[in-house]
1. Can you give the Rg to Rh ratio for the range 126-218, taking only C-alpha atoms and Rh from Kirkwood?
2. In nm, to one decimal, how far is the Asp113 label point from the Thr228 one, both placed 7 Å along Cα→Cβ?
3. Count the DSSP beta bridges whose two residues both fall in the chain, then state the antiparallel fraction as a percent rounded to the nearest 5.
4. Against the globular-protein guess of 2.2 N^0.38 Å, express the Cα radius of gyration of the range 173-256 as a ratio, rounded to two decimals.
5. For the range 175-317, go through all pairs of different Cα atoms, get the mean of 1/r, take its inverse, and jot down that Kirkwood value in Å.
6. Tell me, how many Å apart are the Cα centres for the range 100-115 and for the range 200-231?
7. Nearest 0.05, what FRET efficiency do Glu276 and Arg300 give at R0 = 30 Å with Cβ-Cβ as r?
8. Once the mean 1/r over all distinct Cα pairs of the chain is inverted, what Kirkwood radius in angstroms do you read off?
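Readers should treat all values here as calculations from the given coordinates under stated rules, not as data from a laboratory. This one's a predicted model, so the numbers in the text were calculated from it and none came from an experiment. Neighbour counts run over all protein chains shown; Cβ positions are idealised from the backbone, glycine included.
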Amino acid sequence: MDRAGRAVTGQVGLVAAAREVDWAVPVGQQLSDAADARTRILIDGFVHEAGPPPSRFSWVTLGSHARRELHCASDQDHALFWETEAAASTTYAADLAAAVIQGLVEFGMRPCDGGYMADRWSYSVDQWQAILRERVQAPTPDAVVDADVFLDLRALTAGVDIGPAARTLAAGATSVRLLHGLALAAISFPTPLLTFGRLPKGPVDLKKTGLAPVVLLARLYGLRARSTAVGTDERLAAAAAAGVLSDELTQRLRDAYRRLTSTRLRHQLRQIGAREYVTDTVLIEDYYDDQQEALREAFRAIKTAQSVTSVIFRTDL
């Protein structure tokens with residue numbers, strides 16, 4: 001991570017001294033803002049060196065970056081929307097993507113393991129419309145995975161209008177098959193709770209067993225509520241307001257999201273301070289009894305929401 005990235009990490013360390021659970025969510029937003037700024041600098045630098053682009057384009061963030069929920073081990077998720085199909089397949093587009101990807105690696109963001117980056121996802125606005133329409137109308141298992149990623153969509157530059165793409169995705173609220181697929185994805189990440197709701201001893205991956213299902217549940221119910229929100233907490237709030245999930249359960253999920261986000265970020269900051277590899281995995285025995293009880297309640301909320309979701313969307317079929 002370069003000087004700007006280290007400066008943000010230093011700010012995170014200062015904020016981490018706070019005891020409130022809510023501290024971590026704004027830090028994720030600050031990290032996202034820093035990544036936004038660096039991405040724009042990289043794009044401007046490339047255009048300055050390579051010359052004018054072959055057509056107008058928009059650089060679009062996806063995933064946790066789009067949701068403004070970055071953390072210390074976040075990867076890259078982005079795409080390119082071009083005005084014309086010819087421009088989308090040029091060496092200029094490929095070189096732009098490569099330059100930004102490498103620049104973000106140097107900034108401290110590793111490439112996406114799933115390949116959701118602009119070197120692969122570079123299309124014209126019309127092509128994007130066709131791609132997203134297919135994901136919504138013919139949601140095969142692979143298409144549902146793509147739709148889950150693309151529902152987190154945020155334009156970082158304003159060269160072209162991505163509004164039509166967002167509206168195409170929003171139409172998924174009427175697709176029973178897509179909602180069913182999103183529900184299956186949301187319940188596919190089991191919590192770590194054992195019999196009688198006990199926490200296991202040893203390592204627990206906070207992302208796979210907690211944060212990922214919350215994000216997926218929020219995405220599902222946010223879409224069902226026809227919300228334009230992208231952030232997890234905002235989607236859950238919209239789900240409650242629209243009545244697609246109970247106030248009590250959405251509040252428990254929002255509390256779980258904040259608790260797990262805070263726990264993960266504190267853990268990652270400790271790893272950075274100890275010069276360890278940064279992960280999402282914690283040891284339950286490292287936490288006091290009251291902290292373990294708070295984590296247990298977070299996982300209980302997620303498990304309850306998954307059970308409710310299974311019934312609502314008949315995931316047994």
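1. Details: Rg = 16.6 Å, Rh = 15.0 Å.
Here the Rg-to-Rh quotient is 1.11.
2. Going from the Asp113 label point to the Thr228 one covers 3.5 nm.
3. Numbers: 11 of 15 bridges.
Percent antiparallel among DSSP bridges in the chain is about 75.
4. Numbers: Rg = 13.6 Å, N = 84, 2.2 N^0.38 = 11.8 Å.
For the range 173-256, the normalised Cα radius of gyration is 1.15.
5. Details: mean 1/r = 0.0640 Å⁻¹.
Hydrodynamic radius (Kirkwood, Cα only) of the range 175-317 equals 15.6 Å.
6. 23 Å
7. 0.50
8. On the way: mean 1/r = 0.0491 Å⁻¹.
20.4 Å is the Kirkwood radius here.
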